[in-house]
1. Every residue in segment 89-102 that is in a loop (DSSP other than H, G, I, E, B) and in contact (Cβ under 8 Å) with a residue 24 or more places away in the chain, please.
2. Which residue, of S55, S67, S75, is in contact with a helix residue (DSSP H, G or I) (Cβ under 9 Å, 6 or more places away or on another chain), more than 18 Å from L104 (Cα to Cα) and among the polar types (S, T, N, Q)?
3. Looking only at segment 34-71, filter to residues that are of a type in the set (A, V, I, L, M) and touching a Pro at 6+ places or on another chain (Cβ under 7 Å); which one of those is surrounded by the fewest Cβ atoms within 10 Å (Cβ to Cβ)?
4. Are any of the residues in segment 103-117 closer than 21 Å to M39 by Cα, in a helix (DSSP H, G or I), among the acidic types (D, E) and at pLDDT 95 or above?
5. Before we move on, is L53 in a helix (DSSP H, G or I), closer than 18 Å to P35 by Cα and among the aliphatic types (A, V, I, L, M)?
6. I need the full set of residues from segment 70-114 which are under 14 Å from the mean Cα position of the chain (by Cα) and hydrophobic (A, V, I, L, M, F, W, C), in order please.
7. Looking at segment 52-71 only, could you name the residues that are of a type in the set (S, T, N, Q), in contact with a Leu (Cβ under 8 Å, 6 or more places away or on another chain) and either farther than 27 Å from N90 by Cβ or at pLDDT 95 or above (or both)?
8. When you scan segment 56-88, how many residues do you find that are outside any helix (DSSP H, G or I) and aromatic (F, W, Y)?
Amino acid sequence: MKASQPARAGDPLDQHHAQDDSGELEDKFDDEDYPAYSMGRAAEMLGVTPAFLRSLDTTRLIVPQRSAGGHRRYSRYQLRLAQRARDLVNQGTALDAACRIIILEDQLAEAQRINARLQRDRKSQDPSQDRA
């Protein structure tokens, strides 16, 4: 990736790009899946070793994106999963079992979201609800 050139005062094109970049940057801050954290920073934030994060990659609980240089990059969502894994392991759960628990919890939460959406859709399309 190339670094952008510094903006010059009074240059409307550069100011326009700066506004676009800030909007894009704002989107990245809000994006739970944006790979913003390096392995070192993620390990530091979670209080784990890089080896622990690599083990989560090995178990396929978290598959981080890679930078152009091949370095692992983690999103906030992935860090939450890693924190949950760390908590379970600290409570005495084996790593493989902890990862399976987290995967099943995630699948259950997704199924519940889908079920709630389908129930809302069904209620909105049910003609008997209009008569009441």
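1. Keep residues of segment 89-102 that are in a loop (DSSP other than H, G, I, E, B), which gives 91-94.
Across segment 89-102, there are no qualifying residues.
2. Details: S67 fails: in contact with a helix residue (DSSP H, G or I) (Cβ under 9 Å, 6 or more places away or on another chain); S75 fails: in contact with a helix residue (DSSP H, G or I) (Cβ under 9 Å, 6 or more places away or on another chain).
Testing whether each residue is in contact with a helix residue (DSSP H, G or I) (Cβ under 9 Å, 6 or more places away or on another chain), more than 18 Å from L104 (Cα to Cα) and among the polar types (S, T, N, Q) leaves just S55.
3. Here the answer is M39.
4. The initial filter retains those residues of segment 103-117 that are closer than 21 Å to M39 by Cα, namely none.
No, every residue in segment 103-117 fails to be closer than 21 Å to M39 by Cα, in a helix (DSSP H, G or I), among the acidic types (D, E) and at pLDDT 95 or above.
5. On the way: in a helix (DSSP H, G or I): yes; closer than 18 Å to P35 by Cα: yes; among the aliphatic types (A, V, I, L, M): yes.
The answer is yes for L53.
6. L79, L81, A82 - these are the residues of segment 70-114 that are under 14 Å from the mean Cα position of the chain (by Cα) and hydrophobic (A, V, I, L, M, F, W, C).
7. Going through segment 52-71, the residues of a type in the set (S, T, N, Q) turn out to be 55, 58-59, 65, 67.
Restricting the remaining residues to those that are in contact with a Leu (Cβ under 8 Å, 6 or more places away or on another chain) gives 55, 59.
Listed by number, the list holds a single entry, S55.
8. Initial filter on segment 56-88 (outside any helix (DSSP H, G or I)): 59-75.
Restricting the remaining residues to those that are aromatic (F, W, Y) gives 74.
The qualifying residues number 1.
The values are calculated or read from the model by the stated rules, or taken from the named source; none is laboratory data. Predicted, not measured: the structure shown is a model, and the values here were computed from it. Every residue, glycine among them, receives a Cβ derived from its backbone with ideal geometry; neighbour counts consider all protein chains shown.
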